[in-house]
There are 2 protein chains.
Amino acid sequence: MATIPSPHNLLTINKNNSIISHSSSPFNTSSSINLPARGLGVGTRALSRTNDASLSAVISRLERERQGLVDETEGDGVICDGVEQWITAEDFRRRDKKAEEERSLRDTWRDIQGEYDWAGLLDPMDPVLRSELIRYGEMAQACYDGFDFDPASRYCGSSRFSRHDFFDSLGMTDSGYEVARYLYATSNINLPNFFSRSRWSKVWSKNANWMGYVAVSDDEATRNRLGRRDIAIAWRGTVTNLEWIADLKDYLKPVSGNNIRCPDPAVKVESGFLDLYTDKDDTCNFSKFSAREQILAEVKHLVELYGDDEDEELSITVTGHSLGGALAVLSAYDVAEMGLNRSRSGKVIPVTVFTYGGPRVGNVRFKERMDELGVKVMRVVNVHDVVPKSPGLFLNESAPHALMKIAEGLPWCYCHVGEELALDHQNSPFLKSSVDLSNAHNLEAMLHLLDGYHGKGERFVLSSGRDPALVNKASDFLKEHFMVPPFWRQDANKGMVRNSEGRWYQAERLRSEDHHSPDIHHHLSQLRILPS
Amino acid sequence: MATIPSPHNLLTINKNNSIISHSSSPFNTSSSINLPARGLGVGTRALSRTNDASLSAVISRLERERQGLVDETEGDGVICDGVEQWITAEDFRRRDKKAEEERSLRDTWRDIQGEYDWAGLLDPMDPVLRSELIRYGEMAQACYDGFDFDPASRYCGSSRFSRHDFFDSLGMTDSGYEVARYLYATSNINLPNFFSRSRWSKVWSKNANWMGYVAVSDDEATRNRLGRRDIAIAWRGTVTNLEWIADLKDYLKPVSGNNIRCPDPAVKVESGFLDLYTDKDDTCNFSKFSAREQILAEVKHLVELYGDDEDEELSITVTGHSLGGALAVLSAYDVAEMGLNRSRSGKVIPVTVFTYGGPRVGNVRFKERMDELGVKVMRVVNVHDVVPKSPGLFLNESAPHALMKIAEGLPWCYCHVGEELALDHQNSPFLKSSVDLSNAHNLEAMLHLLDGYHGKGERFVLSSGRDPALVNKASDFLKEHFMVPPFWRQDANKGMVRNSEGRWYQAERLRSEDHHSPDIHHHLSQLRILPS
């Protein structure tokens, strides 16, 4: 058995010349087996901290067993020669690729944001667009990872972290964004399966739920990676529980009915989304302004701050998964309809929406109005997911045009907006192929599918070092032999921590700076939205 | 609103002179309300790290609500005057008490270990004995807190920590002990509901389970706190799942039948306990020696190391909860029967067993033989727990003597050993009074009950700063209004950790030093136990 130190790794090669990783990540050792042909697979990486002989023996045995398994299913064996060289070259290649993509994004960001409706970027899949779709998807995923779902927590329904260390707390230290504002909504609307509530009677808020955030890119990311200052808005949806779909009233309502400015009463959206976006609760510190008021005030503030800088351009990107995708579409429409995507000097700021497993939001007129306003929407979907087929399963944009024209007046005639990127989890060798509705709707799985997507009919090959283990964060979707625990994302001790005296308690979480900033009234009155 | 800094705390007193804690431990603020009369309750302690007005407002509101609640149920209100003085005095009192108990233990440890069968120490409850019972109970609890129960873990059934940092990893930094050896047993015996198994096929061991540890007190604890060098052996049992009871064959078998040295074939114990203690698996690194061989070799080694030191005495204390209590009794018997509790110079080392919710182990002859050997046993039970009533529910030590004599030859005539300390969870104002079998068997709850026990018929008053929140670690036993999450003990991300490259994996856990030490053969052959 020989140990080969490489610039990045310490790997052990056993007698059979197969790799023994000293870390136990299933993907460290198996990925090269899944994807050796293209040289684009997950790298075989490991860090050794021990030379423990018996441990090596155990892992070596495991490794030999796994090879047996893989030989059965794939038949293309393991890497025998040039392991070190392959890894090194691959590492450098990936690093070069990332730098190249960032250079490219700085020049092409308008195209990537959909200025030309992503023409020519989807098939074959443009690598910069793919990594941007993953990046914005991760910003939506952060709304789940940051959310307190635990009914046994006093803070159930809130963000687990302060907005000041939000990305850092989630391990997204190089996000390049800062959270400018948290978004809250009142749960006093009729979507009982969407909102999370604490089992206790004394809680941070009886009726509010944290719904996401408005973030803005920092100077470094703006200059070196993004090519423009980006205002990113992320909406929380639902991870797996799909029952909220049944709660939707499936009833189209004019957006002007909820006092959203709109020149045409024929522009309609699903009433549940509309209520979630516009309702508020005067008795609650967190939802005394509607989500709509919160987001409009913040976007207005940020556009005033950055919109007239001569050295940089500005973009507005709204992202969301599931119901969060519907809110992303609706809020992007509202921002554009309110004219907030114009600087004081009149520069037009591009507004782009990326949704993941998003449902239909409004009617044909809503779609047309989005187009008129120039809001660009890219919808990433898993073809096995039912949510993008809702509401309007029977009467939607795929019906004959003449029928749609006739049905236009009906209150259940929905229409998707923007472009669709259709993925299929049955193409990934990492995922169980069975169609479980929760799995098919899972956001982490969609990001994994994006990572392996190269165009229609192309073979699934992971294009980055993104960890497939993330798929099982809140699902049981990875194939068993990868040995990643299902639903592994959980707080240590359900958030209970011990103080210096040995006493356990639920750490205090909410800070006044996460409340609404004092200038919200000012911005809203300038927008002629006067809070009641 | 005024803030009063005290030597230990920073508390805020609001207009109504009630205490506002800036920490959210329910027991920080409510305990003084539960137990003000005796001045022995959990102290009102809090650390302030923020002067956030809105936060204070929220907590203040919560506090007032809680007072309302307590006023309803207890009627004895809150402390209004002299808060600072009371806390300070109480803190000093507790500190003095602890120092006094340690001084006392150094002088009286033989008595506390049961030299006189705890005569006069139980009613009223001796404070030093109470704190020793809690301390050894916590050493048994560590076998649960350290155990990997998760079937989705590759290490399911093993200890989550290396023996070298076992107590530190559990936050028991001042335990005063070092783990000398881990104990393993093979699960190839017929107790399907006792052993934990991984759902994966490639695991640390297919058939072994970690069963506890042998620890030895360090120099500091030996000299300053214990008054002697203590060899402590802790056995893991079952936290809540009681189905293993049904697996017991309820069949008494001569201990000599499993090659345990015993002069009398009429000495019998339940065959399942015996098998668990003596069975092994040649193909497994961890259980190729039986638990019996592991413990005997280690005790022999430690007695040789410390037994003839002229400056210090030695004790052997075996502790265990539930099935672990049965193994504690059986292994203590074995140690004494093998004569390991004698130093080379002939000094007799006292052997003591503390069990918590332990079942019956053997027959009347077993009990008599324990007495002949001078092994002292104290059994702590919750009167609502069914486990101490098993096996032998119908024919046991409470039957008339004459009947027992007649039934002696029957294979299901069980008998408890030692002294019993009977507690009742319905006496604790912290616990739900309903009799849930799992709750009634819960070890953390028994430790909490010990903490409040002062003698038969005495009022329940907590005697230490021990945190009642610990009860809910692996149960839903605390009353709802304390707002402690049920079953809150859990690993962050099910033990998945992220390496420097952002890849998630199950951290490597087992080390060769946790295997059996090379001298085990030597010790076993000296004991004339030759491993096959």
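With each pseudo-label sitting 7 Å past Cα toward Cβ, what's the A:R197-A:D424 distance in nm, one decimal?
4.3 nm
Just to confirm the numbers: A:G257, label point 7 angstrom along the Cα-Cβ line, distances to the other copies in nm, shortest first?
7.8
In whole Hz and in residue order, list the ³J(HN,Hα) couplings for the stretch B:372-389 that follow from phi through the Karplus curve 6.51 cos²θ - 1.76 cosθ + 1.60, θ = phi - 60°; x for Gly and Pro.
Calculated HN-Hα couplings, in order: 4, 7, x, 7, 9, 10, 10, 10, 8, 9, 9, 4, 8, 7, 7, 4, x, 8 Hz.
Mind checking which lysines have their C-alpha under 25 Å from B:K347, skipping anything on the same chain fewer than 8 residues away?
B:K300, B:K367, B:K376
So how exposed is A:K473, as accessible area in Å² (1.4 Å probe, rounded to 10)?
20 Å²
Inter-copy label distances at A:V497, 7 Å along the Cα→beta-carbon direction, one decimal in nm, shortest first?
2.0
Out of residues 5 or more away from A:E419 or on other chains, whose amide H comes under 5 Å of its own, with H placed 1.01 Å from N in the peptide plane?
Sorted by chain and number, the residues that satisfy this are A:V377, A:M378, A:R379.
How large is ³J(HN,Hα), in whole Hz, for each residue of the stretch A:478-490 in order, when computed from phi with the Karplus curve 6.51 cos²θ - 1.76 cosθ + 1.60 and θ = phi - 60°, using x for Gly and Pro?
Rounded to whole hertz, the list is 6, 4, 4, 5, 7, 6, 9, x, x, 6, 7, 6, 7.
For a quick check: with amide H placed at 1.01 Å from N, whose amide H comes under 5 Å from A:T317's, ignoring anything fewer than 5 positions away on the same chain?
A:I231, A:A232, A:I233, A:T352
For A:N382, list long-range residues whose amide hydrogen, built 1.01 Å from N in the peptide plane, is under 5 Å from its own amide hydrogen.
A:G357, A:L423
Explain nothing, just the number: dipole magnitude of the stretch B:280-335 about its Cα centre with +1 on each Lys and Arg Cβ and -1 on each Asp and Glu Cβ, in debye rounded to the nearest 20.
Magnitude of the dipole: close to 580 debye.
Using heavy-atom solvent-accessible surface (probe 1.4 Å) with all chains present, what is the largest-first order of A:I189, A:I520?
Per-residue accessible area, sorted high to low, gives A:I189, A:I520.
Just want to confirm a number: the relative contact order over the stretch B:323-471, from Cα pairs under 8 angstrom separated by 6+ residues, in percent.
Computed over the stretch B:323-471, the figure is 21 percent.
Select the chain B residue whose beta carbon lies nearest to the rotation axis carrying chain B onto chain A, and write the distance in whole Å.
Nearest Cβ to that rotation axis, in whole Å: B:A492, 2.
Can you tell me the equivalent ellipsoid semi-axes for the stretch A:178-300? Use √(5λ) from the Cα gyration tensor, largest first, whole Å.
Semi-axes, largest first: 27, 21, 15 Å.
What are the label-to-label distances in nm, one decimal and shortest first, from A:A422 to the same spot in the other copies, with labels 7 Å along Cα to Cβ?
Reported distances to equivalent positions: 7.3 nm.
Report, in whole Å, the centroid distance computed from the Cα atoms of the stretch A:228-279 and the stretch B:273-289.
About 62 Å separates the Cα centre of the stretch A:228-279 from the one of the stretch B:273-289.
Output wanted: per-residue J couplings in Hz (rounded whole) for the stretch B:255-269, from phi through Karplus 6.51 cos²θ - 1.76 cosθ + 1.60, θ = phi - 60°, x for Gly and Pro.
4, 5, x, 9, 6, 7, 4, 7, x, 10, x, 7, 7, 10, 9
The values are calculated or read from the model by the stated rules, or taken from the named source; none is laboratory data. Treat the numbers as computed from the prediction; the structure is a model and nothing was measured. Neighbour counts run over all protein chains shown; Cβ positions are idealised from the backbone, glycine included. Surface areas here come from the heavy atoms of the whole protein model, side chains and all, with no ligands, DNA or RNA. Shrake-Rupley method; radii C 1.70, N 1.55, O 1.52, S 1.80 Å.
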